[in-house]
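Trainee: Take this structure, written in structure tokens, and hold onto it; I'll ask about it next.
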Amino acid sequence: MVQKNAPARKCGNSENTDTLMSESAITRTTVLDLVPFGNPGSTPDFFALRLEPPAWPAWKPGQFIMLRPAQASPERLWGRPFAVSRLTPRDLVIFFQVRGRGTAEMARLQAGDEVDIWGPLGNSLAVEMEAPTLLVAGGIGLAPFLGYVYAHPATKRLRLLFGHRQSLDCYPCEGLEEKIVTETHQDKTPEDLAAFMALLEKRIAENAVSGGLVLACGPLPLLREVQRLAARHGARAQLSLEERMACGIGACLGCVVKAKAGPAGEFTNVQTCTCGPNFWADAVQL
């Protein structure tokens, strides 16, 4: 359970994945284009935002950025957190869904507009080249795994299980099945959801037997289920949290969760933005 404005301590959890905390400064960059996803003729809610790439010294899959349009409305001074879906010398890609006023404003961006970003922020997703790795994505939780797949040095060991409510064409899945084994499952009814959860348990159990790794990102109910199933089957799992953030650098205390930190490994309040967003499943309370 997230405790808003609760006292938090600096992350000292040695069990977490390697942290790549850079000296993040606000960078102003330019929109290359904004590509809508979804059924033609309908109002799109999903977009891929392509930006001029920043001159970052380093980036690892699983890290995120804070983003704010340069001409944002005065009442929206804070940025919004987004996973990096792709970073190349040509572009930085952010995949997002319109969920509120801030993302609705982003959906009106045009080529040539400017945005302010700061990052890369947070820690990275675990990469184990020899371990079979199951990627569990729910809806917009697919976003960080796009960069993960394209950067992974041993894609033959990756498998994606993707649950989604909207039609598949709302998501940038094209090309993924050419790189890794991909299973998609649309949840329209309670029966659909039950079937997905049964498949999820089967895949996690298989992964545990093979000594693999499970990485999950998506809505909180999905992360809780992955956490429960990982504990049941003895699977090593890492959860990428989608917490609300305002600053992204640990100053606002708006993304506090309870996680293991400190030399004694006790559960205490930590900031998701600086100690996460990726936590080992047995080291965080959801």
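Trainee: Compute the Kirkwood hydrodynamic radius of the range 177-222, taking the inverse of the mean of 1/r over all pairs of distinct Cα atoms, and give it in Å to one decimal.
Mentor: Numbers: mean 1/r = 0.0820 Å⁻¹.
About 12.2 Å, per the Kirkwood formula over Cα pairs.
Trainee: Per-residue accessible area for ARG236 at 1.4 Å probe radius, Å² rounded to 10?
Mentor: Roll a 1.4 Å probe over it and ARG236 shows about 90 Å².
Trainee: In straight Cα distance, which aspartates and glutamates are under 13 Å from LYS258, not counting same-chain residues fewer than 8 positions off?
Mentor: Excluding near neighbours in sequence, the set is GLU243, GLU266, ASP282.
Trainee: Could you give log10 I(q)/I(0) at q = 0.26, 0.29, 0.31 Å⁻¹ for the range 81-132, computed by the Debye formula over C-alpha point scatterers of equal weight, without solvent?
Mentor: -1.29, -1.38, -1.39
Trainee: From the cross-link list LYS60/LYS179; LYS156/LYS260; LYS156/LYS202, which pairs have alpha carbons spaced over 23 Å apart?
Mentor: Numbers: LYS60/LYS179 19 Å; LYS156/LYS260 33 Å; LYS156/LYS202 20 Å.
Check vs 23 Å cut-off fails for LYS156/LYS260.
The values are calculated or read from the model by the stated rules, or taken from the named source; none is laboratory data. As the structure is a prediction and not an experimental result, all values here were calculated from the model. Side chains included, ligands, DNA and RNA excluded: accessible areas come from the protein's heavy atoms. Shrake-Rupley method; radii C 1.70, N 1.55, O 1.52, S 1.80 Å.
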